Amino acid sequence: MGDTFTTQSVGETERAGRLLARHLQAGDVIALAGDLGAGKTHLVQGVAGGLGVEGAVTSPTFNILLVHAGSLPLYHLDLYRLDDPAQLEDIDFYATLEGDGVSLIEWGDRFPDELPADHLLVEISRLGETARGFRLTPGGPRSAVLAAAWSRSMREGAAR
């Protein structure tokens with residue numbers, strides 16, 4: 001199905017995000033899925049750090065979209081409060097995904113038919129108080145390359 005890996009702490013989850021950032025390119029779309037408190041925002045915070053974003057990165061639950069400047073623009077979306085795919089037009093969802101940055105979408109599994117075909121689905125599950133499991137499901141060739149590179153970085157980092 002896809003690559004998997006685990007993290008044992010919030011710090012490791014953020015580190016996983018920094019490792020992911022090394023492989024990101026403009027146009028990449030990452031859909032994050034997992035229960036409340038699974039670690040979606042911590043992963044995004046790590047990606048933001050890896051992209052050189054300065055300042056706090058918080059969940060955009062009430063803003064729905066936050067844009068952070070870094071080596072690549074980071075479009076951080078949270079679809080938790082949306083009920084209908086038609087609402088995606090109101091937030092310029094489709095143009096954002098086609099922008100010059102990377103899009104990380106918390107609750108990205110809420111509207112799977114609205115995501116581009118080539119996106120990476122990252123399902124995060126709780127394995128313990130701070131341990132998390134990650135399952136990567138690529139939707140196309142670019143996301144398959146991204147998933148493989150990220151998994152390789154995680155394995156190499158664990159071997160150190």
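Just so it is clear, none of the values below were taken in a lab; they were calculated from the coordinates. Owing to the predicted nature of the structure, the values given are computational and were not obtained by experimental measurement. Note: ideal-geometry Cβ built from the backbone for every residue, glycine included; neighbour counts use all protein chains shown.
Going by a ≥ b ≥ c, the root eigenvalues of the Cα gyration tensor, does the stretch 3-159 fall in the rounded group (a/c under 1.5), the prolate group (a/b larger than b/c) or the oblate group?
On the way: a/c = 1.41, a/b = 1.34, b/c = 1.05.
It comes out rounded by the Cα gyration axes.
Helices in the chain, meaning DSSP H runs of at least 4 residues, each add -39500 (n - 2.57). Divided by all residues, the mean residue ellipticity at 222 nm is -9500 deg cm²/dmol.
Bridge orientation summary for the stretch 3-159: considering DSSP beta bridges with both residues in this region, about 55 percent are antiparallel.
The peptide list 43-55, 124-136, put in order of mean Cβ contacts within 10 Å with the highest first, becomes 43-55, 124-136. Here the label points at Ala131 and Leu66, each 7 Å from Cα along the C-beta direction, are separated by 3.0 nm in the simple model. Listed peptides 80-89, 106-115 appear in the order 106-115, 80-89 once ranked by packing, highest mean of other Cβ atoms within 10 Å at the front.
Please name which of Trp150, Tyr80, Leu121 has its Cα lying farthest along the dipole of the stretch 3-159 towards the positive end, using unit charges on Cβ (Lys, Arg +1; Asp, Glu -1) and the Cα centre as origin. After comparing all options, I get Trp150. The spacing between the stretch 1-38 and the stretch 44-122, judged by their C-alpha centroids, is 14 Å.
Mean separation of Cα pairs under 8 Å and 6+ residues apart, divided by the residue count of the stretch 65-125: what relative contact order is that in percent?
35
Taking His42, His23, His76 as the candidate residues, the one with maximal mean-square fluctuation in a Gaussian network model of the chain, Cα springs under 10 Å, is His23.
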